[in-house]
Amino acid sequence: MFYTRFWGVRGSIPTPGPATVVYGGNTACLEIRADDRLIIVDLGTGVKPFGDWLAANEIKKHPITADVFVTHTHWDHIMGFPMFTPVFIPGTRLKIWGSVSYDGDPLEKVIGAQLSYRYWPVRLDELAAHIEYEELKQDSYDLGGGLNLVTTSLNHPTLCLGYRFEYEGKSIVTAFDTEPFYNLFPSDKDDPAYNEESAREGEQAAALENQRMLEFIKGADVLVYDTSYTEEEYKKHKGWGHSSYETAIANSLKTGVKKLVCFHHEPRRSDDELKALEDGFRSRFASEPLEILMAREGMTIEV
């Protein structure tokens, strides 16, 4: 048994209200099960209803043991942690994996800082759960029990990791909060800062990084990809660290992805708008060997 279930699909900020009830308004949280292994990707506000579900359905049978993979520590991806019910229940064991932040603070300090009286009535050292932290880099990891992990760096304003979980010949890949790599040096010869060698090296570096990204997602059974923008919207927000639907679809088609799940919905995007986009892209690419889905809370995909 290898499947994923969505508990939070929104980007940047929670968006509760009548316009988001179908697809959901909670920020990023993904549940993955590899037989009896529980994996959680990101601790956005979606982890609150997930924790409540675990308390109602599983904790009464046995203590919760889970591996938590944090893509990065922007607030929308960790802000649900203080409200995750299992951390208040004795017997819970969590191993939180992730990269260190740009300023060198360890993962425990960044996530745990939310649990201080300045922000929250419960402190980190008052939690009942046993919590360990493990630093990740761009690498491959044997997680045991036939479960393997490949990580890669994504293009986002802070260090952000993509995760490729492989189990029994199947793969679930996450590429939250990323955009195409691009030349950081001026390429316009009329620009006073233009330098031919730098421009050439910048183009080569961007091409190599984009190829690395394609190799990372290649052949994924399920790819959960940042699609905050349409391509027209992306032109206005280039450099913010988020991708377009068109980029996600093009990359998926290039690499033989089987199922693309569009994720990290723009906060102002309503249910009606998401439905129109989903229907439009599915119709447009109906002849392609790629299934396109819009992530929605509660959706489960078995691999």
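May I ask you to verify whether residue 177 is assigned to a loop (DSSP other than H, G, I, E, B) and on the phi > 0 side of the Ramachandran plot? Break it down into steps so the answer makes sense when it comes.
Working: assigned to a loop (DSSP other than H, G, I, E, B): yes; on the phi > 0 side of the Ramachandran plot: yes.
Yes.
Can you pull out every residue in region 145-167 that is β-branched (Val, Ile, Thr), assigned to a strand (DSSP E or B) and within 22 Å of residue 76 (Cβ to Cβ)?
Kept after step one, since they are β-branched (Val, Ile, Thr), are these residues of region 145-167: 150-152, 158.
Retained after the next criterion (residues that are assigned to a strand (DSSP E or B)): 150-152.
Hits for region 145-167 are 151, 152.
What single numbered condition from (1) over 18 Å from residue 7 (Cβ atoms); (2) part of a helix (DSSP H, G or I) fails to hold for residue 73?
(2)
What's the number of the only condition in (1) touching a Phe, Trp or Tyr at 6+ places or on another chain (Cβ under 8 Å); (2) assigned to a helix (DSSP H, G or I); (3) closer than 24 Å to residue 219 by Cα that residue 254 fails to meet?
(1)
Give me the pairs: first residue in region 256-267 and within 13 Å of residue 227 (Cβ to Cβ) and in contact (Cβ under 8 Å) with a residue 60 or more places away in the chain, second residue among the polar types (S, T, N, Q) and not in a loop (DSSP other than H, G, I, E, B), beta-carbon distance under 7 Å, and six or more apart or on different chains, which are they?
none
Read through the list (1) within 18 Å of the chain's Cα centre (by Cα); (2) part of a loop (DSSP other than H, G, I, E, B); (3) surrounded by 14 or more Cβ atoms within 10 Å (Cβ to Cβ), then give the number of the only condition that residue 95 fails.
(2)
So, of the residues in region 120-169 that are among the hydroxyl-bearing types (Ser, Thr, Tyr) and within 22 Å of residue 214 (Cα to Cα), which turns out to be surrounded by the most Cβ atoms within 10 Å (Cβ to Cβ)? Lay out the reasoning, then the answer.
Pass one, region 120-169, residues among the hydroxyl-bearing types (Ser, Thr, Tyr): 133, 140-141, 151-153, 158, 163, 167.
This time we only want the ones that are within 22 Å of residue 214 (Cα to Cα), so: 140-141, 151-153, 158, 163, 167.
Numbers: 140: 10, 141: 15, 151: 21, 152: 20, 153: 17, 158: 13, 163: 26, 167: 22.
Per the stated criteria, the residue is 163.
Please specify each residue of region 47-78 satisfying the condition of being more than 24 Å from residue 150 (Cα to Cα) and buried (at least 19 other Cβ atoms within 10 Å of the Cβ).
Within region 47-78, 48, 49, 50, 51, 54, 64 meet the criteria.
Looking only at region 98-140, count how many residues are within 25 Å of the chain's Cα centre (by Cα), of a type in the set (Gly, Ala, Ser) and not in a strand (DSSP E or B).
The total comes to 6.
Taking the stated definitions as given, is residue 15 over 15 Å from residue 177 (Cα atoms) and either of a type in the set (S, T, N, Q) or buried (at least 22 other Cβ atoms within 10 Å of the Cβ) (or both)?
On the way: over 15 Å from residue 177 (Cα atoms): yes; either of a type in the set (S, T, N, Q) or buried (at least 22 other Cβ atoms within 10 Å of the Cβ) (or both): yes.
Yes: the conditions hold for residue 15.
Answer yes or no: is there a residue in region 79-91 that is in a loop (DSSP other than H, G, I, E, B), within 18 Å of the chain's Cα centre (by Cα) and more than 21 Å from residue 14 (Cβ to Cβ).
No, region 79-91 contains no residue that is in a loop (DSSP other than H, G, I, E, B), within 18 Å of the chain's Cα centre (by Cα) and more than 21 Å from residue 14 (Cβ to Cβ).
Could you run through region 33-63 and say how many residues are touching a Pro at 6+ places or on another chain (Cβ under 7 Å) and in contact (Cβ under 8 Å) with a residue 60 or more places away in the chain?
0
Any idea which of (1) assigned to a loop (DSSP other than H, G, I, E, B); (2) in contact (Cβ under 8 Å) with a residue 12 or more places away in the chain; (3) at negative phi is the one residue 193 doesn't satisfy?
Going through the list (1) assigned to a loop (DSSP other than H, G, I, E, B); (2) in contact (Cβ under 8 Å) with a residue 12 or more places away in the chain; (3) at negative phi, residue 193 breaks only (2).
Limited to region 251-286, what total is found for residues that are surrounded by 18 or more Cβ atoms within 10 Å (Cβ to Cβ) and among the basic types (Lys, Arg)?
Selection size over region 251-286: 1.
Each reported figure results from applying straightforward, stated rules to the coordinates on display, with no laboratory input. Model, not experiment: these values are computed from the prediction. Cβ atoms come from the backbone with ideal geometry, glycine included; neighbour counts cover every protein chain shown.
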